[in-house]
Each structure stands twice: as structure tokens, then as C-alpha cells.
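Worksheet for the structure shown next.
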Amino acid sequence: MAPPPPSPASGAQYAHQFLNTALSQRGPSALPYAEDVKWLIRNHLVALADAFPSLHPKAALFTHNDGRAAHLLQADGTIPIHHAGASYNLPAVLWLPEPYPRSPPLVFLSPTRDMVIKPHHPLVDRSGLVANAPYLRSWVFPSSNLVDLVRSLSHLFGLDPPLFTRSPQAQAPAPSPPILATPPPRTHPSSPSPYRFPASPQLAARPPPTEDPAEVFKRNAIAKLVDMAYADAATLRPAREAEVDTLFAMQATLRNRGEVISDGVHKIGEEKEALERRLQDVMMATDVMEAWVMENRKGAVAASNTEADEAIETADVLSKQMLECTAADLALEDTIYALDKAIQEGSVPFDGYLRSVRALAREQFFQRVLSTKVNKAQQQAQVARMAARVPQYAS
């Protein structure tokens, strides 16, 4: 069972939902339109469904003149017209070919079995293709759109309807074979169309009644003005297209330059951060050097006013303890050396020499053990001071 046609109030909403899904497809099921114009195609069809609720967007298979088949978007439904004081609806299909919207759409009238295309119509050929409409001939990207196209066709078809309903009394002549490719059949010809349209205009195939000459003159004047306007638009079309292409090229150039400038600014920012970190390191090292110079300058001034024994001042307790241990070790070494000289000269008895050397060697051992412990403590303190001087940066 075919789904019911969308109401006029929900036509734009249906178009939104359908087009969002259709144009977002990727891979083999993607529609053959350029990515940079898909948003514009969506806006054209949504605006058409909003302005003309009788035209609904679809996706169907279209067969080109060379036999190629492609899934394309279409607006299927009826075009409303006003003729001789009455309103009618012409069945039509607006196909959007692959180059759309840089190229105009393909508009076909799709008469029902009881309709016939008016022979020698100035805008519609025998196959139903709307080939000579001024708006299609003067199509300009990106300003041309489907809403203005349908409005133009509605006005022109109202002046000269291209479809007639066959008279029940007389058999209307059958249309000649198409000279162009006919539009591909709607989806599933054997199934009912998902949308049903009002009846087409019931125009008798007899001479029209006599009209007011003023109305005829007014209608002809309007038609001539419309043709002149479309002719002027067609004349201006090449210049406008060249201008649009120039603007697009300039836009692409500016976009590329913007990307280059953004990359340069990013690199300059990184270099600035590296230089700031280096500057902090240099400033901290300068502070440490200045503090060391000030401390040593004070020590040098104080040492000039002291005795020779007090010229060396230890920096901390461990340094003082190491100095004392080293001095005691060297003093004991000198004492043992003196005792060796004395025993060689026979100045001291041998048993007294042994007792003295044993006591001095014991004391020297303890001094050297203490010196080793103090040296290890000094190394740990130095590592701690170096770690404290390393600058800390917030992550």
C-alpha cells in the first residue's frame, strides 16, 4: 500500500528529513553530486517544497541519451497554473542532473493517459521536455534556483497551457515519437504512485472564445517584457559566471593563505615558549652566580683581616668536620713517620715504639672511617642542592 502524500504543512519537514538522509549517503549509494554543492541542492529542494507543496523531492533512476543510468534527485508533482480565470495543475518532474546546480535542471511534463501535449508549443517539445524556457536558457550559478524556475513556468504555462485533456467526443491526435530521450519511468510503474494529484486542465480542443483586445494586448506586452528580461539575463550570464569563478578562485587562494598564516603563528608561539623557558634558565643561573660571587667576595674581605690559620673558612659543618678529620689523619701519619725515623736511629726503645705505633694506627683508622662517612654525607648534600637549583615548570 502506497504511503499517503505529505500534507502541505509537513511538505518542508518531509523534504528536510528525506534530503538529509539522501545527501549524507557515502560509498556506492552516494548520489553523484559534488560535495561542495550538496548543501545548496538541499536548500533548493527544501525551498521548492515550502513554496510549492505539490512538488516533493525523490530519488529515482534516470537514463541519459547515451544509455547511462544514474540515481538522481527529482521534484515530482504538479505545477499550478492560472488560465482563463481557473486554476489547474500540470503533472511535471524536475530532474537534477549530475552537474546541478552549475547546470540547469531537466524539466519534463508527464501527461496522464487522457492528456495530450499541445503540438508546436513554444516551450515544450513532443517528448514533454521543457527545452525552450527563458529561465532555463539564462540559468546562472549560483543565483538561479528551482523556486524562481517553477514560478516562471507557472506564469508562462498560464499564458499558453502545454497540456490538453482529450475531448470525449473527438479523438485527439496522438503525439509524434519523441525526438529527445524521454524521462525514465517513475519508480515501479506497475505500482501506484505514492502521491496523487488533482486533475489536469479540461481545455476543449476548439478555438478559444473571443477575448477583450485590451487583455490580449496586456498579456502580449507582459510576455514580451518577460522575454526581454530573460534575454538581458542571458546576455549578462557569461560576465557573471566569469566573475563568480574569479571570486571562487580568490576565496580558495585566501583560504590557503589563511592556513599558511595559522601554521606560522602556531610555530612562532612554540618558539616564543621555548625562548621564555630558556630565558628563565639563564636568569636563575645568573642569580646563583651572583649569590656565589657575593658570598665569596665577603669571605675574601674577611680573610684579608685574619691570621693565616684563619684564612680558610668552611662552608658548613660537614666541611669543617672533613677538614678536622683530614688534618688529624695527616698529623698521625707524620707522627708515625717520625717514630720510624727515631727507631732507625735508636732514639726510642723497640717495645715503646710498638706500643706508640699501635695506638697511633688505631686512632688513624678511626679518623679515616669518619672521613669516609663525612664524604658520603657531603655528596648527598651536594646532590640535594643541585636538584633544588633545577627550575620547575608547570605542566
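A few remarks follow.
- Condition check for G128 on (1) crowded, with 16+ Cβ neighbours inside 10 Å; (2) on the phi < 0 side of the Ramachandran plot; (3) of a type outside the set (A, V, I, L, M): one failure, at (2).
- Screening P111, P122, P104, P99 for residues that are more than 23 Å from A59 (Cα to Cα) and in a loop (DSSP other than H, G, I, E, B) leaves exactly one candidate, P122.
- Residue within region 29-38 that is at pLDDT 90 or above, more than 20 Å from L129 (Cα to Cα) and assigned to a strand (DSSP E or B) present: no
- Test: residue in region 298-306 that is surrounded by 10 or more Cβ atoms within 10 Å (Cβ to Cβ), outside any helix (DSSP H, G or I) and out of contact with any Cys (no Cβ under 9 Å at 6 or more places or on another chain): yes
- Failed item in (1) closer than 14 Å to L146 by Cα; (2) crowded, with 17+ Cβ neighbours inside 10 Å, with S103 passing the rest: (2)
- Out of D50, D36, one residue alone is surrounded by fewer than 22 Cβ atoms within 10 Å (Cβ to Cβ) and farther than 24 Å from E241 by Cα. It is D50.
- Residue list for region 357-379, restricted to those being in contact (Cβ under 8 Å) with a residue 12 or more places away in the chain and either over 30 Å from L318 (Cα atoms) or among the hydrophobic types (A, V, I, L, M, F, W, C) (or both): V357, L360, A361, L370, V374, A377
- Residue in region 38-53 that is more than 30 Å from the chain's Cα centre (by Cα), assigned by TED's automatic domain parsing to the domain that holds G158 and more than 17 Å from P101 (Cβ to Cβ) present: yes
- So D245, is it surrounded by 11 or more Cβ atoms within 10 Å (Cβ to Cβ) and not hydrophobic (A, V, I, L, M, F, W, C): yes
The values are calculated or read from the model by the stated rules, or taken from the named source; none is laboratory data. Keep in mind it's a predicted model, so treat the numbers as computed, not measured. Positions of Cβ are generated from backbone atoms using ideal geometry, with glycine treated the same way; all protein chains shown enter the neighbour counts.
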